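Novice: This is the structure, below, for whatever I ask next.
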Amino acid sequence: MRIRILLSTIVLTALCCGFSLPAHSIMLVSRSQEVSIGKQVEASMIKEYGGLSKDKALTERVARVGKQVGQISPRQDITYTYKVVNSEEVNAFAAPGGPIVITQRLAKMLKTDGELAFVLAHETGHIAAQHGRKAINQALIAQNVAALLLRNSGDAMRIGANVMYTLYTRGYSRDQEYEADNYGYQLMTKAGYNAEQGIKALAKLGIKRTSGVDKYLSTHPDIPDRIDRIAKMSNIPDDRKKELIDKAQAEK
Ligand SMILES: [Zn+2]
């Protein structure tokens, strides 16, 4: 996930992701603060990506399939939303506390609901596993600005949003991406879709890491590794895996 926005306002870009906290670290970012930051980030991203899509059928499809995976997510203390933005980039992202956004181009590329379910469930996984919330928490502790957050000041909200913009630019860690894929696989199959559709979705995102318009690829681990993991989880043999990849490539 990579964005072009707000670089001039990112004053705290060095905050993110530099170290890990011990497991017993306190979570300073409350759920309501996580949700507030997420809403702010979502609004900025929607603006950056050309506003919401005017394609009503596509918007309804994304909301419907999103709901199928969101309602069975193990994390239910927040509300997941699934929106489409009017962009020709291939990208999808999750903001802390519930908002998930996918570009029109990517949603159209994912022709079956099963393919779409995997990508939306992957993004749902980033929120369920609280990857954004944890990154913001780490940044605040690193900067010793926890007091700001505890006072619930606007400054803390801005810092949190900036951490997320940095995260979108640099990408999550490989382990966090694999964790999100685990959610992707589990939620899509629990929702009744065949895991083969997850492999097709990944294959459509691209087999080789590239630069350029396919921003999704530049911030995610290599797609072949991710495909292999999903194939293993669902006992799909190598020859079938190859068939699915070829099929997905032909459909692109
Ligand atoms: Zn991801």
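Novice: With a sphere of radius 13 Å drawn around the Cβ of Q71, what net charge do the other residues whose Cβ falls strictly inside it have (Lys, Arg +1; Asp, Glu -1)?
Specialist: Numbers: positive: R64, K67, R75, K190; negative: none.
Computed value for this residue: +4.
Novice: Here's a follow-up. Could you tell me the relative contact order of the range 28-195? Use alpha-carbon pairs under 8 Å, at least six residues apart, and round to a whole percent. Write out the running numbers ahead of the final one.
Specialist: Details: 259 pairs, mean separation 45.1, N = 168.
Dividing the mean separation by the residue count of the range 28-195 yields 27 percent.
Novice: Net charge around A135, counting only other residues with Cβ within less than 12 Å of its Cβ (Lys, Arg = +1; Asp, Glu = -1)? Before the final figure, lay out the partial values.
Specialist: Working: positive: R133, K134, R170; negative: E34.
Here the count lands on +2.
Novice: I need the shape label for the range 28-195. Rule: rounded when a/c is under 1.5, else prolate if a/b > b/c, else oblate, with a, b, c from the alpha carbon gyration tensor. Present the calculation step by step, with values, prior to reporting the outcome.
Specialist: Numbers: a/c = 2.07, a/b = 1.56, b/c = 1.33.
Prolate is the answer for the range 28-195, as a/c is 1.5 or above and a/b outweighs b/c.
Novice: Sum up the charges of everything whose Cβ sits under 10 Å from the Cβ of Y193, counting Lys and Arg as +1 and Asp and Glu as -1, but leave Y193 out.
Specialist: Numbers: positive: K190; negative: D113, E115, E196.
Around Y193, the surrounding residues sum to -2.
All of the numbers you see were taken from the coordinates with simple rules; none came from a lab. Just so it is clear, the structure is predicted and the values come from calculations on it, not from any experiment. Here Cβ is always computed from backbone atoms with ideal geometry, including for glycine, and neighbour counts include all displayed protein chains.
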